[in-house]
Amino acid sequence: MELTRQKIAEIRRKIEQKDSVFAEKRYLDSMCNISKIIGREIESEKILSSIMSLQDGFVVPFVSVYGRSGSGKSTVVKFVCENLSDVISYRFVNLRKVQTIFGCANLILGNLGSTSLSSAVGLNKAVDCIQSQIELILEQEQKKYFVLVLDEYDVIFSDSRGNPSDFVYKLLQMEENLREKDKWLCMISISNNALQEYDLDDRVKSRMGSTYVSFSPYSKSDILGILQDRSERAFKIPVHKDVLEYCSSLSSSDHGDARRALDLLRTAGEICDGTITRENIDSALKLLQKDRASEILASSTYHMRCVAASICSLAILGEQPWSATSAIYKKYSDMVAKNEKPLSYRRVSDLLVELENSGLVVSRAYSRGRHGYGKEYKLKISPELVGPSIGKEWFDGVIRDKEIQDELEDLKKSLGPKRANMIARYAKMMSD
Ligand SMILES: Nc1ncnc2c1ncn2[C@@H]1O[C@H](COP(=O)(O)OP(=O)(O)OP(=O)(O)O)[C@@H](O)[C@H]1O
Ligand SMILES: [Mg+2]
């Protein structure tokens, strides 16, 4: 299709029409800098009191802030620091893109206004440089207290060749060195799990102290509060309370993630016809779930996709959402291409855990009588939405099989099982 001036004008009109419900859409962007935090008072107070204890000469060297995605960790920590800037100097470093521990030290240095170092100089030298930069900033800003926030801190544990314990130890040593110079440092790490759960030496754990601030997933009323506040500013016409409640209820029961709740409301605004309805929220949810499934599956390996395909096909053909690991494994083994060697049962069990961590499936334990307990899995998103992302042709085949299965059931009812099975066998022979 040719892209003409006229076509561009048409697309522009369509986008403008879509955006006509928004007054300031940026308020529904989770990246937008917000000036108001809804709730999270207990968590904010804990963080504040750890930082402020520096003024009393008591150091909390490490505060570990942890919790599920979208629970407001980064937003709240940033907000607290901003509001203490009259007494502290602080830097907020997001480590998401870092691959090694040395890369992490370099990123911290960059945020402190220094140039990167070559890894040949070693980690000791890098931590010395971090210390010098902190001293410099404190002198320039004429402060005594420094807060170093290390967001997405869990990445340091994925550096298989590095030594996370040693890095944390060096940072703690740096804090002590600074203290001797009457400069006070508090480090705040933000991660999905508590630092205590990661593999760190006991001596490091004990020096880190035990100041933890946990962020639980948002409840329905928390999310409603956030959505009410944002929607008042984001939309031209107020969104009905009933619709906001519905959106909050879906978001809290599924994930308690404020970021995804904001995405849901924004997407509903983009597809609505002037005013947002519950149906728009349902459609938006389907769209987002489909995007999410495609995103997860696009970055999955061949075998992971086969495992997902097995659960999907069992759900459609078996007509019930939950499938036991053994059934999934059998289906998976049948499905793997002739030129590929199927993975072991154990490896497939690992892949199922990975799929659960990615948010595509959920698991539950079920009793196998005297054989103990087994695990079964279910897609979190409807199989009709996941299937096409695995492979359009394959999924069309599953739907065709389902239709044949249904027709056979109808035949069984009208002709009796014996004659129906005979017809099915004959039909199969003809198609082979
Ligand atoms: N209490 C809140 N009040 C207002 N907005 C909030 C609140 N909590 C979260 N948000 C909004 O939700 C978005 C996601 O929150 P945030 O980035 O802080 O989550 P997170 O816990 O750091 O997640 P991740 O683990 O994925 O980094 C924020 O950009 C912000 O817009
Ligand atoms: Mg964050």
Check: How many residues does the stretch 75-88 hold that are near ligand 1 (Cβ under 9 Å from one of its atoms) and either open to solvent by less than 40 Å² (accessible area, probe 1.4 Å) or touching a Leu at 6+ places or on another chain (Cβ under 9 Å) (or both)?
Finding: 2
Next item on the list: Report, by residue number, each residue of the stretch 276-293 that is open to solvent by 50 Å² or more (accessible area, probe 1.4 Å) and over 26 Å from Ser20 (Cβ atoms).
Entry: Arg292
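Every residue in the stretch 147-169 that is open to solvent by 40 Å² or more (accessible area, probe 1.4 Å) and either away from ligand 1 (no atom under 16 Å from the Cβ) or of a type outside the set (D, E, K, R) (or both), please. Spell out the reasoning first.
Let us first name the residues in the stretch 147-169 that are open to solvent by 40 Å² or more (accessible area, probe 1.4 Å), namely 152, 157-158, 160-161, 163, 166, 169.
Correct list: Phe157, Ser158, Ser160, Arg161, Asn163, Asp166, Tyr169.
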Next item on the list: Just name the residue that is farthest from the chain's Cα centre (by Cα) out of those in the stretch 183-204 that are assigned to a strand (DSSP E or B) and within 14 Å of ligand 1 (Cβ to nearest atom).
Entry: Ile188
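Step by step: first the residues of the stretch 64-100, then only those that are of a type in the set (Lys, Arg) and part of a loop (DSSP other than H, G, I, E, B), then the one that is nearest to Ser44 (Cα to Cα). Which residue is that?
The extreme case among them is Arg68.
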Check: in the same structural domain as Phe22 (by TED's automatic domain parsing), touching a residue at least 24 places away in the same chain (Cβ under 8 Å) and of a type outside the set (Gly, Ala, Ser): does that describe Thr267?
Finding: no
Check: Which pairs have Cβ atoms under 9 Å, sit 6 or more apart or on different chains, and link a residue in the stretch 375-397 that is assigned by TED's automatic domain parsing to the domain that holds Ile311 and farther than 18 Å from Met304 by Cβ to one that is at pLDDT 90 or above and open to solvent by 70 Å² or more (accessible area, probe 1.4 Å)?
Finding: Glu376/Arg364; Ser382/Lys286
Check: So which of Ile51, Ile108 is farther than 16 Å from Thr211 by Cβ, more than 16 Å from ligand 2 (Cβ to nearest atom) and open to solvent by less than 10 Å² (accessible area, probe 1.4 Å)?
Finding: Ile108
Next item on the list: Any residue in the stretch 157-173 that's part of a loop (DSSP other than H, G, I, E, B): show its pairings with residues that are modelled with pLDDT of 90 or more at Cβ separation under 6 Å, as long as the two are six or more apart or on different chains.
Entry: Asp159/Thr100; Asp159/Ile101; Gly162/Thr100; Gly162/Ile101
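Quick test for you: out of Val87, Val65, pick the one residue that is within 16 Å of ligand 2 (Cβ to nearest atom), of a type in the set (A, V, I, L, M) and closer than 20 Å to Ile188 by Cβ. Let's see the steps before the verdict.
Numbers: Val87 fails: within 16 Å of ligand 2 (Cβ to nearest atom).
Testing whether each residue is within 16 Å of ligand 2 (Cβ to nearest atom), of a type in the set (A, V, I, L, M) and closer than 20 Å to Ile188 by Cβ leaves just Val65.
The values are calculated or read from the model by the stated rules, or taken from the named source; none is laboratory data. Source: prediction; values computed, not measured. In this analysis, Cβ positions are derived from the backbone assuming ideal geometry, glycine residues included, and neighbour counts consider all displayed protein chains. Accessible surface areas use protein heavy atoms only, side chains included; no ligands, DNA or RNA. Shrake-Rupley method; radii C 1.70, N 1.55, O 1.52, S 1.80 Å.
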